[in-house]
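These notes are about the structure you will find just below.
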Amino acid sequence: MSRKAPMIAIEEEPGDKYPDLESAQNAALSLLSANLQTIIRDLIERGTLMNVNGKIIPNTKEKAE
């Protein structure tokens, strides 16, 4: 049985919190970066992705079980 990915919760922020789009994007960058890093590391540990010469690519080799 395959594992299901956890649900992603997206919260809408009121427009008055940031003066412009660029400020909002900059505020979100560090959080998104940290989450993406965690997801990529998890996928590498599961064998879905692999690191080849510093590049993260899909694992096309079959996993030995």
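Just a few scattered comments:
- Ile8 vs. criteria in contact (Cβ under 8 Å) with a residue 12 or more places away in the chain and not small (Gly, Ala, Ser): no
- Any hit, the stretch 11-27, residues being over 29 Å from Lys55 (Cα atoms) and among the hydroxyl-bearing types (Ser, Thr, Tyr): yes
- The stretch 46-56 - residue that is more than 14 Å from Arg3 (Cα to Cα) and over 14 Å from the mean Cα position of the chain (by Cα) and, of those, surrounded by the most Cβ atoms within 10 Å (Cβ to Cβ): Met50
- Long-range neighbours under 6 Å by Cβ, at least six apart or interchain, first residue in contact (Cβ under 8 Å) with a residue 40 or more places away in the chain within the stretch 23-37, second small (Gly, Ala, Ser) and surrounded by fewer than 10 Cβ atoms within 10 Å (Cβ to Cβ): none
- Residue in the stretch 19-40 that is at pLDDT below 85 and assigned to a loop (DSSP other than H, G, I, E, B) present: no
The values are calculated or read from the model by the stated rules, or taken from the named source; none is laboratory data. Keep in mind the model is a prediction, meaning the values are calculated, not measured. We place every Cβ from the backbone using ideal geometry, glycine too, and count neighbours over all the protein chains shown.
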